[in-house]
Amino acid sequence: MSVKILVLEDSMILLKLISSILKAKGYEIIECQSVAEAKAVNEHISMAILDYQLPDGNGLDVAMHLKIKNSSLPMMLLTARGSRVSRQEAVAAGIREYCEKPLSGDVLSAKVAALIGKSV
C-alpha cells in the first residue's frame, strides 16, 4: 500500500511546493485548499499536514475531525510566524509536530519520514 499524505494549504504556491517535495520522496499526495475539502476526503491516509489559518476555519478543526476517524494518525500543523495557536491546543487536537513556515524541503521531508516511521 502506498503512503498517502493529505496536505491542507490554502496557498496554491505552497501547496504545490509541499506536494512536489513529498512526491519526489515517493509519497502520494491528496491536495486540499479548505477545511471543507479536507473533511470530505474519504480515502485512507497515512498522514496529514495541515495549515493552521484557512479561509473557512483552521487546521485544528480538521485535525479533530481526522482524529475521530483514526486516533493514531500522524499529523503536522504548519503555522505562519506569529499565529495564535498554542502547543497545548495542537496536542489536544492530535497534532504530533508543530512547525513554523517557512521550512526547508529537507526539514519537511525529515519530519514527515519521522512521523510515518519511514527513513528518508
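Is there a residue in the stretch 79-92 that is at pLDDT 95 or above, closer than 16 Å to residue 48 by Cα and out of contact with any strand residue (DSSP E or B) (no Cβ under 6 Å at 6 or more places or on another chain)?
Applying the first criterion (at pLDDT 95 or above) to the stretch 79-92 yields none.
No, the stretch 79-92 has no match at all.
From the list 20, 34, 2, exactly one residue is of a type in the set (Ser, Thr, Tyr) and touching a Leu at 6+ places or on another chain (Cβ under 8 Å). Which is it? Quick ask: steps written out before the conclusion?
Details: 20 fails: touching a Leu at 6+ places or on another chain (Cβ under 8 Å); 2 fails: touching a Leu at 6+ places or on another chain (Cβ under 8 Å).
Result: 34 is the single residue among 20, 34, 2 that is of a type in the set (Ser, Thr, Tyr) and touching a Leu at 6+ places or on another chain (Cβ under 8 Å).
Here are some residues: 13, 30, 21. Which one is among the aliphatic types (A, V, I, L, M), exposed (fewer than 14 other Cβ atoms within 10 Å of the Cβ) and not in a loop (DSSP other than H, G, I, E, B)?
On the way: 30 fails: exposed (fewer than 14 other Cβ atoms within 10 Å of the Cβ); 21 fails: exposed (fewer than 14 other Cβ atoms within 10 Å of the Cβ).
13 is the lone residue from the list that is among the aliphatic types (A, V, I, L, M), exposed (fewer than 14 other Cβ atoms within 10 Å of the Cβ) and not in a loop (DSSP other than H, G, I, E, B).
Of the numbered conditions (1) in contact with a strand residue (DSSP E or B) (Cβ under 7 Å, 6 or more places away or on another chain); (2) among the hydroxyl-bearing types (Ser, Thr, Tyr); (3) modelled with pLDDT of 95 or more, residue 109 fails exactly one; give the number of that condition.
The failed condition is (1).
Give me a count of the residues in the stretch 41-59 that are farther than 21 Å from residue 110 by Cβ and either in contact with a Gly (Cβ under 9 Å, 6 or more places away or on another chain) or without any contact (Cβ under 8 Å) to a residue 24 or more places away in the chain (or both).
As a first pass, look at the stretch 41-59 and keep what is farther than 21 Å from residue 110 by Cβ: 41-44, 53-58.
Adding the requirement that they be either in contact with a Gly (Cβ under 9 Å, 6 or more places away or on another chain) or without any contact (Cβ under 8 Å) to a residue 24 or more places away in the chain (or both) leaves 42, 53, 56-57.
The total comes to 4.
Could you count how many residues in the stretch 75-104 are within 16 Å of residue 11 (Cβ to Cβ) and either among the aromatic types (Phe, Trp, Tyr) or assigned to a helix (DSSP H, G or I) (or both)?
Selection size over the stretch 75-104: 0.
Anything in the stretch 71-111 that is free of Cβ contacts under 8 Å to residues at least 12 places away in the same chain and either under 19 Å from residue 23 (Cβ atoms) or of a type outside the set (Val, Ile, Thr) (or both)? List them, or say none. Full working, then the answer.
Here is the first cut: in the stretch 71-111, the ones free of Cβ contacts under 8 Å to residues at least 12 places away in the same chain are 72, 82, 84, 86-88, 91-92, 102, 104, 106-107, 110.
Those that are free of Cβ contacts under 8 Å to residues at least 12 places away in the same chain and either under 19 Å from residue 23 (Cβ atoms) or of a type outside the set (Val, Ile, Thr) (or both): 72, 82, 84, 86, 87, 88, 92, 102, 104, 106, 107, 110.
From the list 114, 38, exactly one residue is surrounded by 18 or more Cβ atoms within 10 Å (Cβ to Cβ), hydrophobic (A, V, I, L, M, F, W, C), part of a helix (DSSP H, G or I) and free of Cβ contacts under 8 Å to residues at least 40 places away in the same chain. Which is it? Lay out the reasoning, then the answer.
Working: 114 fails: surrounded by 18 or more Cβ atoms within 10 Å (Cβ to Cβ).
Exactly one residue qualifies, and that residue is 38.
So residue 95 passes all but one of these: (1) within 18 Å of residue 4 (Cβ to Cβ); (2) modelled with pLDDT of 95 or more. Which condition number does it fail?
(1) is the only condition that residue 95 fails.
The values are calculated or read from the model by the stated rules, or taken from the named source; none is laboratory data. Please read all numbers here as calculations on a predicted model, not as lab measurements. Positions of Cβ are backbone-derived with ideal geometry, glycine not excepted, and every protein chain shown enters the neighbour counts.
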